[in-house]
Amino acid sequence: MLKKSTILFFALLCLAESVSAARMPKNVIFLIGDGMGIAQIYAAMVSNGNSLELERLKHLGYSKTYSSDKFTTDSGAGGTALSTGVKTKNGMIGMSPDSVCVETILQQADRNGLATGIVVACAVTHATPASFIAHQVNRNMYEEIAADYLNTDIDVFIGGGKKHFENRKDKRNLIEELKSKDYQIAYSIDEVKKTNKGKLAGLLYEEHPPVASVRSDFLPEATMSAIHILNNNKTGFFLMVEGSQIDWGGHDNDIDMVVNEMLDFDKTIGKVLDFAEKDGNTLVIVTADHETGGLTLPTGNIEKRNVKANFSTKSHTGVPVPVFAFGPGAEEFTGFMENTDFKNKIAKLLKLR
Ligand code: MG
Ligand code: ZN
């Protein structure tokens, strides 16, 4: 007969096992606010009545964004660090500084049988989404980047950039090639929303989607459609979502654009969190590739919901950006991190090999 202490020991072992198993996510949704620093977040928070969906993520940290060759990163090197775990030179996509291709977290997830997706408020060939699926020496090689979408078996990608798929110097029609690889092609948000399963290429705009007020709920709706499709995979999924145009408001030193793009991104975060809360097996990470505009808010009025915005540059800055996490594994994304830490942490939590 087993002694009581032995039984207790095994009971505790089982408990420890189930607790550690419960901490492992099945799905990861990685949301990147391009150019989103703490001042951009706070400007949106004040204008939204002193609250944001972002506040629902309780694990916070910072990410150091410098690239391999510059104090201030661009979105190519910034996205590449987040996706591959390697710091590279500004302008490069999915490659180390010596031009060697590095597998991205999305490609690793795909190789391990997870469903994968990209949803962005810009052309899918732009630097940030490109960093998750393409390998090119220069971020401006849009046609080469578009062709790279056919080299990884990504399940869902939604954004703009249609012209880089069908109006090409090499005369290839990548939309026809995608169809022959069993992709459903959507040219409108209604077509996206009608798709429940299978592979989907949503190319809704020739180049970039318009600003938030004009494109309406494109980003939250496309994101939820992607989740709906990817969630069919029993093994799990990895989805990258980008609030792409926060950065562009920063470059223009346009605080209204920054706030509108932030609120659109925050609405998307809210919908994602609703899913993650219900699902219980989804890790949600929100961060930025860098800050844009050197934004400070010397004064403002909480009741009147306004801020005075001072921009100090038309470019990016080198300040660390905030990291927010929710769900199983969220505690891994606290404290000061390098932007190269995300890939390995996510891979480890998803048990990718
Ligand atoms: Mg971007
Ligand atoms: Zn930028």
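The values are calculated or read from the model by the stated rules, or taken from the named source; none is laboratory data. The shown structure was predicted, so the numbers you read here are calculated from the model rather than taken from an experiment. Backbone-built Cβ (ideal geometry, glycine too); neighbour counts: all protein chains shown. Heads up: the accessible areas ignore ligands, DNA and RNA and are worked out on the full protein's heavy atoms, side chains in. Shrake-Rupley method; radii C 1.70, N 1.55, O 1.52, S 1.80 Å.
Only one entry in Asp182, Asp190 is open to solvent by 20 Å² or more (accessible area, probe 1.4 Å), free of Cβ contacts under 8 Å to residues at least 24 places away in the same chain, more than 19 Å from the chain's Cα centre (by Cα) and closer than 18 Å to Leu219 by Cβ, namely Asp190. Taking each residue of region 317-334 that is surrounded by fewer than 20 Cβ atoms within 10 Å (Cβ to Cβ) and looking for partners that are assigned to a strand (DSSP E or B) and not polar (S, T, N, Q) with beta-carbon atoms closer than 6 Å, six or more apart or interchain, yields Val319/Glu291; Glu331/His59; Thr334/His59; Thr334/Gly61. A single entry from Gly91, Gly76, Gly85 fulfils the requirement of being within 16 Å of ligand 1 (Cβ to nearest atom), closer than 24 Å to Gln107 by Cβ and surrounded by fewer than 24 Cβ atoms within 10 Å (Cβ to Cβ): Gly91. Listed by first and then second residue, the pairs with beta-carbon distance under 8 Å, at least 6 apart or on different chains, first residue in region 273-291 and within 28 Å of Ala39 (Cβ to Cβ) and in a helix (DSSP H, G or I), second more than 16 Å from ligand 1 (Cβ to nearest atom) and open to solvent by 40 Å² or more (accessible area, probe 1.4 Å), are Leu273/Glu53; Leu273/Arg56; Leu273/Phe326; Ala276/Phe326.
Within region 250-261, not a single residue is surrounded by fewer than 22 Cβ atoms within 10 Å (Cβ to Cβ), over 20 Å from Ile38 (Cβ atoms) and out of contact with any Cys (no Cβ under 6 Å at 6 or more places or on another chain). Scanning region 20-61 for residues that are open to solvent by 60 Å² or more (accessible area, probe 1.4 Å), under 24 Å from Asp264 (Cβ atoms) and touching a residue at least 60 places away in the same chain (Cβ under 8 Å) yields Ile38, Tyr42, Asn48, Asn50, Glu53, Arg56, Lys58, His59, Leu60. For region 264-281, the condition of being more than 17 Å from the chain's Cα centre (by Cα), hydrophobic (A, V, I, L, M, F, W, C) and more than 16 Å from ligand 1 (Cβ to nearest atom) holds for none of the residues.
Within region 237-247, not a single residue is open to solvent by 50 Å² or more (accessible area, probe 1.4 Å) and at pLDDT 95 or above. Filtered by the rule that a residue be open to solvent by less than 10 Å² (accessible area, probe 1.4 Å), hydrophobic (A, V, I, L, M, F, W, C) and either over 20 Å from the mean Cα position of the chain (by Cα) or within 16 Å of ligand 2 (Cβ to nearest atom) (or both), region 282-306 gives a lone residue, Ala288. Close contacts from region 227-255, counting a first residue that is on the phi > 0 side of the Ramachandran plot and a second that is within 16 Å of ligand 1 (Cβ to nearest atom) and at pLDDT 95 or above, with Cβ to Cβ under 9 Å and a gap of 6+ residues or different chains, come to Asn253/Gly293. Set side by side, the residues Ala147, Ala134, Ala127 differ, and just one is open to solvent by less than 30 Å² (accessible area, probe 1.4 Å), farther than 22 Å from Ile189 by Cβ, small (Gly, Ala, Ser) and over 20 Å from the mean Cα position of the chain (by Cα), which is Ala147.
So that you can scan it fast, the table gives a plain yes or no per residue for (1) more than 16 Å from ligand 1 (Cβ to nearest atom); (2) over 27 Å from Ser68 (Cα atoms):
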position: Met257; (1), (2): no, yes
position: Thr292; (1), (2): no, no
position: Leu295; (1), (2): yes, no
position: Glu332; (1), (2): yes, no
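Scan region 194-253 for residues that are away from ligand 2 (no atom under 16 Å from the Cβ), under 26 Å from Asn27 (Cα atoms) and in a loop (DSSP other than H, G, I, E, B) and the total you get is 11. When the residues of region 202-226 are filtered to those that are surrounded by fewer than 24 Cβ atoms within 10 Å (Cβ to Cβ) and of a type in the set (A, V, I, L, M, F, W, C), which remaining residue is farthest from ligand 1 (Cβ to nearest atom)? Filtering region 202-226 for residues that are surrounded by fewer than 24 Cβ atoms within 10 Å (Cβ to Cβ) and of a type in the set (A, V, I, L, M, F, W, C), the one farthest from ligand 1 (Cβ to nearest atom) comes out as Met224.
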